[in-house]
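First up is the structure itself, then whatever we jot down about it.
The values are calculated or read from the model by the stated rules, or taken from the named source; none is laboratory data. From a predicted model like this one, the values you see are computed outputs, not experimental measurements. Here the Cβ positions follow ideal geometry from the backbone for every residue, glycine too, while neighbour counts run over all protein chains shown. Note: accessible area is taken over every heavy atom of the protein model, side chains too, but ligands, DNA and RNA are not part of it. Shrake-Rupley method; radii C 1.70, N 1.55, O 1.52, S 1.80 Å.
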Amino acid sequence: MALNAQQLKQFEEEGWLFFPEAFSPEECALLRAEAEGIYAQQREEVWREKSGAPRTAFAAHLYNEAFAILGRHPRLIKPVEQLFGEQLYMHQYKINAKAAFTGDVWQWHQDYGTWLRDDGMPEPRAMNIAVFMDEVMPINGPLMLIPRSQHQGNLAAQHDTSTTSYPLWTINDDVVTKLVAEGGIVAPTGKAGGVLMFHGNLVHGSAPNITPYPRKIVYLTLNACSNYIRTPTRKEWIAHTDFAPILPCDDGALLDHARRYKQAAE
Ligand code: SIN
Ligand code: MN
């Protein structure tokens with residue numbers, strides 16, 4: 001998935017890129033089943049909404065083979081290496097559930113705001129790359145992005161520890177109103193297997209999901225190795241301190257794993 005000149009220009013100007021159907025239905029079915037199994041576990045890496053429904057599972061690449069493969073998948077690693085011009089390590093890995101009926105809001109925020117304030121990341125040279133595991137629709141809480149907002153740099157933010165079960169450095173309504181007047185809002189939607197990447201300073205958020213359709217998305221946060229975090233304050237499984245470069249696997253590794261898995265079950 002090498003980025004062409006037009007894609008590089010769109011990323012530079014708009015701050016995001018979307019690749020529909022980058023992963024096949026078979027690859028997504030494997031990941032979806034594995035995610036459900038993880039949410040069913042009682043472990044500290046699985047955070048729940050105030051309702052008790054799963055909100056996010058951290059660090060699944062460290063305890064689940066399918067997600068480990070996804071974490072070094074060339075379709076995700078190569079374009080980000082291309083953009084940053086160096087090798088990457090995994091800063092954060094989460095599987096966000098946005099569960100049917102109960103998936104809660106993600107308030108407007110910039111990710112680099114958290115990486116800077118909580119983790120001491122020197123520059124916004126980490127990338128969020130999202131893999132849709134369910135169909136993302138206009139109605140089930142798609143991720144909303146404010147195009148071009150990354151050009152504002154690191155904006156003032158308030159630490160909201162009460163709205164949801166997840167503490168977040170959020171951007172106030174006046175600033176969001178101004179940014180939206182300039183850039184609008186986009187909400188890329190599509191089938192499971194779509195991949196969305198966006199700049200660490202792009203303002204984004206998502207509404208609660210009151211539909212019967214879950215909206216699971218895996219987020220890899222890939223950091224340029226030279227931009228490793230300097231002053232970690234969060235748990236190691238939330239903001240990793242293993243700065244070893246990721247070595248991409250084969251393109252077919254997820255399917256190979258799915259077939260091995262199936263054979264073992266037969
Ligand atoms: C995030 O911004 O970290 C997650 C947003 C979402 O999954 O809707
Ligand atoms: Mn975010």
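The table for this structure:
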read-out	value
ALA157 closer than 30 Å to GLU26 by Cβ, more than 19 Å from the chain's Cα centre (by Cα) and small (Gly, Ala, Ser)	no
Top-ranked residue of the stretch 142-157 - restricted to ones that are surrounded by 20 or more Cβ atoms within 10 Å (Cβ to Cβ) and outside any loop (DSSP other than H, G, I, E, B), ranked as nearest to ligand 2 (Cβ to nearest atom)	LEU145
Selected residue [charged (D, E, K, R) and within 11 Å of ligand 2 (Cβ to nearest atom)] from ASP160, ASP111, ASP174, ASP134	ASP111
Unmet criterion (only one of (1) within 15 Å of ligand 1 (Cβ to nearest atom); (2) over 18 Å from ILE217 (Cα atoms); (3) in contact (Cβ under 8 Å) with a residue 60 or more places away in the chain; (4) not aromatic (Phe, Trp, Tyr)) for ASP134	(2)
Residue check for TYR89: part of a strand (DSSP E or B), more than 15 Å from ligand 2 (Cβ to nearest atom) and open to solvent by less than 10 Å² (accessible area, probe 1.4 Å)	yes
Options PRO214, PRO124, PRO188; residue that is touching a residue at least 60 places away in the same chain (Cβ under 8 Å), touching a strand residue (DSSP E or B) at 6+ places or on another chain (Cβ under 8 Å), assigned to a loop (DSSP other than H, G, I, E, B) and open to solvent by 40 Å² or more (accessible area, probe 1.4 Å)	PRO214
Identity of the residue in the stretch 42-66, under 28 Å from ASP250 (Cβ atoms) and out of contact with any strand residue (DSSP E or B) (no Cβ under 7 Å at 6 or more places or on another chain), that ends up farthest from ligand 1 (Cβ to nearest atom)	GLU65
Residues of the stretch 94-115 satisfying the condition of being in a loop (DSSP other than H, G, I, E, B), near ligand 1 (Cβ under 9 Å from one of its atoms) and either open to solvent by 10 Å² or more (accessible area, probe 1.4 Å) or polar (S, T, N, Q) (or both)	VAL105
Subset of the stretch 191-211 [in a loop (DSSP other than H, G, I, E, B), of a type in the set (Gly, Ala, Ser) and within 15 Å of ligand 2 (Cβ to nearest atom)]	GLY200, ALA207
Qualifying positions in the stretch 208-236 - farther than 27 Å from PHE101 by Cα and of a type in the set (Phe, Trp, Tyr)	TYR228
Members of the stretch 161-176 found to be open to solvent by 30 Å² or more (accessible area, probe 1.4 Å) and assigned to a strand (DSSP E or B), listed by number	TRP169
Tally, over the stretch 219-262, of residues that are part of a loop (DSSP other than H, G, I, E, B) and within 30 Å of SER24 (Cβ to Cβ)	12
